[in-house]
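Structure record follows, encoded as structure tokens.
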Amino acid sequence: MVGDAQAGVDLYWLPLGAGAPSGSRLVRVNGRIYEALLATVERRRPLDIYHAGLEVRLGAGLFVIEVAPAPDSVRARRGVVAEGSVGTRFAGVLRLFRYEVRRWRDGLIPDAAEAVESPRRLSDDPDVARRVLELVPAVPQLVWGRDELGAGEMWNSNSLISWLIARSGLDVDAVSLPRGGRAPGWTAGIALARRQAASA
């Protein structure tokens with residue numbers, strides 16, 4: 001692993017649909033419609049929806065940790081360390097229904113410029129930064145959009161980021177969302193991390 005003269009773990013809160021020029025408008029509109037319907041059912045006001053990404057610096061290396069659709073089979077250039085299915089496990093045989101987990105050295109979060117109340121420094125401890133990086137290939141490859149854990153919330157990119165934060169030993173309960181926002185799937189990652197810690 002690279003040296004640790006510099007270290008940092010930073011969290012980014014990214015608005016739903018940001019960083020996807022070709023489909024961002026459609027994603028945002030659909031997301032707002034879904035949130036408006038859910039808010040009506042739950043008898044609350046609609047909130048802004050966010051997804052999370054991490055930047056980890058360790059020595060001379062800067063790594064982006066993010067979950068995104070799998071655009072092609074050239075995984076190495078994006079630092080892909082794991083993949084999972086979207087919707088159903090069987091659908092994952094088609095790239096259209098696969099997501100990829102990236103630990104991308106010298107990568108970038110394409111929508112970082114649109115991040116809200118970010119970046120948030122979670123740690124500047126090199127041991128924590130190293131532990132986060134080492135955990136990424138071990139992330140659970142659960143089906144995106146399903147609640148296979150019975151956690152009351154679907155598994156998605158937010159679940160993976162919250163799982164990493166909790167499993168690395170950081171205080172995930174101290175991480176707050178942007179004002180007026182929510183992050184679907186966040187609690188699912190925390191629930192799994194705590195189950196694993198308890199069983200260990």
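Read the figures in this text as sums done on the coordinates, not as results from a lab. For clarity, every value in this text was computed on a predicted model and none was experimentally measured. Positions of Cβ are generated from backbone atoms using ideal geometry, with glycine treated the same way; all protein chains shown enter the neighbour counts.
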Would you mind calculating the gained length between E114 and D171 on full extension (0.36 nm times residue separation, minus the Cα-Cα distance), in nm to one decimal?
-> 18.0 nm
Taking Cα pairs closer than 8 Å and at least 6 residues apart, the relative contact order of the chain in percent is 25 percent
Taking 7 Å along the Cα-to-C-beta vector as the label spot, tell me the R32-A91 distance in nanometres, rounded to one decimal.
-> 2.5 nm
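Could you work out the local net charge near A166, counting Lys and Arg as +1, Asp and Glu as -1, over the other residues with Cβ closer than 10 Å to its Cβ? It would help to have the intermediate numbers written out before the result.
Details: positive: R167, R194; negative: D171, D173.
Summing Lys/Arg as +1 and Asp/Glu as -1 gives 0.
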With a cut-off of at most 12 other beta carbons within 10 Å, and DSSP calling the residue loop, which GluC sites (Glu not before Pro) in region 74-161 qualify? Please list them.
-> none
Measure off 7 Å from each Cα along the Cα-to-Cβ vector at R77 and S199, then give the distance between these two points in nanometres to one decimal.
-> 3.8 nm
How would you rank I109, I190, going from fewest to most other Cβ atoms within 10 Å of each one's own Cβ?
-> I190, I109
When the helix-only estimate is applied to the chain (DSSP H runs of n ≥ 4, each -39,500 (n - 2.57), divided by the residue count), what is the mean residue ellipticity at 222 nm, nearest 500 deg cm²/dmol?
-> -8500 deg cm²/dmol
Work out which helices of the chain, taken as complete DSSP H runs, extend at least 20 Å along their axis over the Cα atoms and score a mean Kyte-Doolittle of 1.0 or more, then list them.
-> none
Working out 0.36 nm times the residue gap between D147 and R105, then minus their Cα-Cα distance, what length gain in nm do you get to one decimal?
-> 12.0 nm
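With charges set only on the Cβ (+1 for Lys and Arg, -1 for Asp and Glu), what does the dipole of region 7-199 come to about its Cα centre, in debye to the nearest 20?
Roughly 380 debye, rounded to the nearest 20.
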Cut-off of 10 Å, at most 12 other beta carbons, DSSP loop: longest stretch of the chain lacking such trypsin sites (Lys or Arg not before Pro) | 45-178
Unit charges at the beta carbon, dipole of the chain: most positive-side option, T40, G53, A188 = T40
